[in-house]
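To start, the structure itself, in structure tokens.
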Amino acid sequence: MIREKQVPMREQPPSVRIGNFEEVALGYSEEEAVEEAARCLQCRNAPCVQGCPVGIDIPAFIQAVAVRDVARAVSVIKASNALPAVCGRVCPQETQCQGVCTLGKRFEPVSIGRLERFCADWESEHETCCTAIAPHTGKRVAVIGAGPAGLTAAGELRKCGHDVTVFELLHIAGGVLMYGIPEFRLPKAIVKREIDGLCRMGVRVRVNEVIGRVATIGEMLAKEFDAVFIGTGAGLPQFLGVPGESLNGVYSANEFLTRTNLMRAYRFPEYDTPLRLGRRVVTVGGGNVAMDSARTALRLGAEESIIVYRRSEDELPARREEVHHAKEEGVQFRFLTNPVTLLGERGRVSAVRCLRMKLGEPDESGRRRPVPVPSSEFEIEADTVVIAVGNGPHPLILQTTPGLELNRRGNIAADPKTGATSLPGVYAGGDIVTGAATVIEAMGAGKRAASAINAFLCDPR
Amino acid sequence: MYEILDKRPLGPGIQEYVLLAPDIARVGKAGQFVVLRLHERGERIPLTIVDCDPTLGGVTLVVQEVGKSTREMGERFHKGDSVLDLAGPLGLPSDIERFGTVVCIGGGLGIAPLYPIARDLKKAGNTVIGIVGARSRALLFYEDRMAAVCDELRIMTDDGSHGRKGYVSDALRDVLSTRRDVARVWAIGPAIMMKVCVAVTKEFDVPTIVSLNSVMIDGTGMCGGCRVEVGGATKFACVDGPEFDGHGVDFDLLMSRQKFYAEEEACSLERYLATRKDATTS
């Protein structure tokens with residue numbers, strides 16, 4: 001008899017966790033993992049593998065867990081995925097591997113993400129696995145940006161025997177994994193551990209490197225490197241374009257989360273960077289970043305944390321688990337609500353004037369387009385507003401790399417299969433190409449580009 | 001780690017540092033800035049570049065001790081010590097061309113970022129009229145350096161302890177009233193000083209560049225915290241600036257946003273001073 005429901009994962013109770021920044025989900029024990037692994041049908045056609053942007057051999061690793069050979073499970077995962085402890089925590093599994101799981105047609109799908117996390121965490125405690133590295137090729141690759149795309153590309157290229165240097169603009173490597181995703185969803189120690197693993201493989205990581213100014217990509221290719229991968233990710237936040245967005249107390253989600261995660265404002269004044277927060281926090285947006293912001297606000301002491309989203313609950317782009325956790329923690333949702341003006345008193349935001357929306361015909365994304373309900377204006381009181389509606393591309397490399405072609409949206413134009421750009425030897429992947437997407441999609445792009453770069457280095461013609 | 005090659009006081013609570021950062025020193029230009037972080041718990045402090053020495057690999061910065069971090073830097077970081085992080089150059093360089101006659105105004109700490117601009121404008125063949133000012137004589141620095149690159153230098157102090165008594169904007173009005181050939185003005189200093197100078201140059205219709213020090217977190221084009229309004233549009237000081245057309249800048253908004261964290265800054269400084277006292281008494 002197959003267990004119909006997933007083995008649940010232990011979590012910090014909502015009432016406790018909104019008082020701390022520690023991880024919400026606590027992981028499987030070995031017994032729980034083995035029980036969950038036993039639910040896998042080991043389908044011959046393995047739709048889950050197709051659903052994984054980096055193509056992990058999911059049935060093989062789950063089979064290994066089921067027979068308690070976790071070391072083998074780890075090596076199966078690591079053959080395809082350089083950052084499993086991260087992916088096991090932040091991938092939107094429900095729309096990828098688990099969304100196409102055969103078992104999911106009748107029961108709950110196998111909890112592939114939780115099993116991946118279990119394996120990665122097991123490895124950190126046992127340190128058994130050593131990644132095989134090909135002999136030195138003498139080729140040098142520069143990776144710009146130490147986020148998910150760059151780190152993945154770096155790991156893959158190093159495995160091929162190339163000499164890889166990662167250049168990071170901030171003072172710490174990890175990109176969005178460090179500045180964006182909160183500690184309670186992805187502990188920073190785990191990100192550091194994954195990056196340390198890459199360093200042990202021989203990847204060099206240099207922080208505080210303002211590539212584009214200190215050296216342009218053209219200069220890097222001329223002087224030192226045989227190929228360059230650009231994974232510089234998201235940049236300047238998008239705002240709503242409504243009056244009042246420069247009022248004090250209005251943050252982009254980037255600023256709100258960077259202060260909290262990268263600069264540890266939740267430990268101010270022990271850490272030097274503060275974050276000023278009011279009692280009623282309104283977050284605008286419906287993605288994971290909006291959920292992260294609203295949940296962070298509660299942990300920082302907000303009395304009320306309200307998410308305002310212009311479509312309905314069904315269209316929320318966030319991972320379902322994040323929405324579920326946010327609700328459990330007391331985040332309130334105002335669906336079909338669109339801000340039109342931010343109101344202020346003495347320079348500080350005091351309310352959000354909104355319009356009610358209803359769903360109309362489907363738009364180009366296939367989701368039903370929200371249309372305003374006439375004369376439905378109302379106000380939500382707020383002393384902090386977080387705008388989480390996306391980012392443009394990071395501007396620095398685009399400003400300083402002549403000849404690099406951009407696409408219609410102002411992102412780098414790159415071949416989706418190889419990451420090749422308009423410049424020979426220059427590849428790109430992740431949010432800098434696609435605009436805001438997921439960690440795993442950026443990793444997939446990093447991996448595909450690494451394979452193309454490897455081919456290019458072996459035969460540059 | 002970035003070593004402090006040299007440190008000297010320029011006045012009470014004002015220090016000049018030369019930091020070892022050869023990559024930045026090789027390419028840094030007037031108008032650009034760096035982001036500095038003292039230690040693991042430190043904040044990212046944006047500081048405008050004063051000078052770059054490519055031979056020595058040194059980057060010169062002037063820091064006024066106004067808050068916790070700058071105070072800590074002044075008191076605990078000495079020649080031979082290192083700061084943890086230094087990233088740069090960031091922002092767009094000043095637009096240095098041959099304009100003809102230019103006026104370069106530096107108020108208070110603003111003299112530091114102004115100096116390399118005046119120097120480069122002079123090198124580019126401009127007639128440079130310098131105006132520097134501070135609250136009092138002790139707080140006025142770089143008089144000699146400015147004198148060396150200006151065709152004419154006017155000095156103003158609020159209390160009249162040095163030069164003429166009054167504000168830099170008074171000297172600016174004098175210059176613009178007597179000379180009709182001023183093609184461009186640079187004004188760098190506290191927001192209120194830049195606002196007043198811009199009001200004067202508007203009267204005379206002279207294009208004016210200001211350097212905006214809005215609150216930054218990463219300083220690299222990511223967080224959007226440094227947004228300012230210029231000509232009715234939202235701009236980001238870290239990547240679109242820090243220099244902007246002064247005639248379009250909403251200075252009241254800038255000042256309001258600069259003050260938002262005043263309470264936290266005071267709290268942080270107070271806590272630092274308390275721990276420092278404990279350390280010296282125990």
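The values are calculated or read from the model by the stated rules, or taken from the named source; none is laboratory data. As the structure is a prediction and not an experimental result, all values here were calculated from the model. Positions of Cβ are generated from backbone atoms using ideal geometry, with glycine treated the same way; all protein chains shown enter the neighbour counts. SASA here: full protein model, heavy atoms, side chains in, ligands and nucleic acids out. Shrake-Rupley method; radii C 1.70, N 1.55, O 1.52, S 1.80 Å.
Chains B and A together bury roughly 3900 Å² of accessible area, counting both sides, with a 1.4 Å probe on protein heavy atoms only. Our note on the geometry: Cα centres of the stretch B:129-189 and the stretch A:302-318, 54 Å apart. Work out the P(r) tail for chain B: percent of alpha carbon pairs separated by more than 28 Å, whole number. Above the 28 Å cut-off, chain B has 35 percent of its Cα pairs. For the stretch A:14-126, a Kirkwood radius taken over Cα pairs fed into Stokes-Einstein (25 °C, viscosity 0.890 mPa s) yields D = 173 µm²/s.
Relative to its residue count, the stretch B:119-270 spans a Cα convex hull of 139 Å³ per residue.
Can you give the helix-only mean residue ellipticity at 222 nm for chain A, where every DSSP H stretch with n ≥ 4 adds -39500 (n - 2.57) and the sum goes over all residues, rounded to the nearest 500 deg cm²/dmol? After summing the helix terms and dividing by the residues of chain A, the value is -9500 deg cm²/dmol. With the Kirkwood sum run over all distinct C-alpha pairs, the protein assembly as shown has a hydrodynamic radius of 27.7 Å. Taking Cα centre as origin and charging only the Cβ of basic (Lys, Arg, +1) and acidic (Asp, Glu, -1) residues, the dipole magnitude of the stretch A:239-389 rounds to 60 debye. Burial annotation for the stretch A:219-236: residues with an accessible-area loss of at least 50 Å² between the isolated chain and the complete set of protein chains, computed on heavy atoms with a 1.4 Å probe, are A:L236.
Over the Cα atoms of the stretch A:239-389, the radius of gyration divided by the Kirkwood radius equals 0.98; this is the Rg/Rh ratio. Taking all Cα pairs closer than 8 Å and separated by 6 or more residues, the relative contact order of chain B comes to 16 percent.
Placing unit charges on the Cβ atoms of the charged side chains and taking the dipole of the stretch A:14-126 about its Cα centre, the candidate lying farthest along the positive direction among A:V49, A:S111, A:V74 is A:V49.
D by Stokes-Einstein for the stretch A:158-234, Kirkwood Rh over Cα pairs, 25 °C, 0.890 mPa s: 178 µm²/s. Rolling a 1.4 Å probe over the protein heavy atoms gives the stretch A:239-389 an accessible area of 39 Å² per residue. The packing ranking, built from the mean of other Cβ atoms within 10 Å per residue, places the peptides B:259-272, B:91-104 in the order B:91-104, B:259-272, highest first. Note on B:E97 and A:E303: their simple-model spin labels are 5.6 nm apart, each label 7 Å out from Cα toward Cβ.
Per-atom-type breakdown for the protein assembly as shown gives carbon and sulfur 50% of the accessible area (1.4 Å probe, protein chains only). Applied to the stretch B:192-197, the Karplus parametrisation 6.51 cos²θ - 1.76 cosθ + 1.60 on θ = phi - 60° returns per-residue 3J(HN,Hα) values of 5, 5, 5, 4, 5, 4 Hz, with x for Gly and Pro. In a simple Cβ point-charge model (Lys, Arg +1; Asp, Glu -1; nothing else charged), chain B has a dipole of about 360 debye relative to its Cα centre. Amide H contacts of A:G27: A:R10, each under 5 Å away and 5 or more positions distant or on a separate chain (H built 1.01 Å from N in the peptide plane; Pro and chain starts excluded). Helix B:168-178 and the longest principal axis of the Cα set of chain B meet at an angle near 20°. Per residue, the stretch A:14-126 exposes 40 Å² of accessible surface when a 1.4 Å probe is rolled over the protein heavy atoms with every protein chain present. Within 10 Å of the Cβ of each residue in A:253-259, the mean number of Cβ atoms contributed by other protein chains is 5. Straight Cα distances below 18 angstrom link A:K417 to the lysines A:K447, with same-chain residues fewer than 8 positions distant left out.
Along the stretch A:104-110 the Karplus relation, 6.51 cos²θ - 1.76 cosθ + 1.60 evaluated at θ = phi - 60°, assigns HN-Hα couplings of x, 5, 10, 10, 6, x, 4 Hz to successive residues, with x for each Gly and Pro. Using only Cα atoms, locate the centre of the stretch A:149-183 and the centre of the stretch B:232-277, then give the distance between them in Å, rounded to an integer. Between the Cα centres of the stretch A:149-183 and the stretch B:232-277 lies a distance of 32 Å.
Here the contact order of the stretch A:1-111, divided by its residue count and restricted to Cα pairs under 8 Å and six or more residues apart, works out to 29 percent. Across the stretch A:431-443, coupling constants 3J(HN,Hα) worked out from phi with the 6.51/-1.76/1.60 Karplus curve, θ = phi - 60°, read 4, 5, 9, 9, x, 3, 9, 9, 4, 5, 5, 5, 5 Hz, and Gly and Pro carry x. Only Cα pairs under 8 Å and at least 6 apart count here; give the relative contact order of the stretch B:218-276 as a rounded whole percent. Relative contact order for the stretch B:218-276 comes out at 25 percent.
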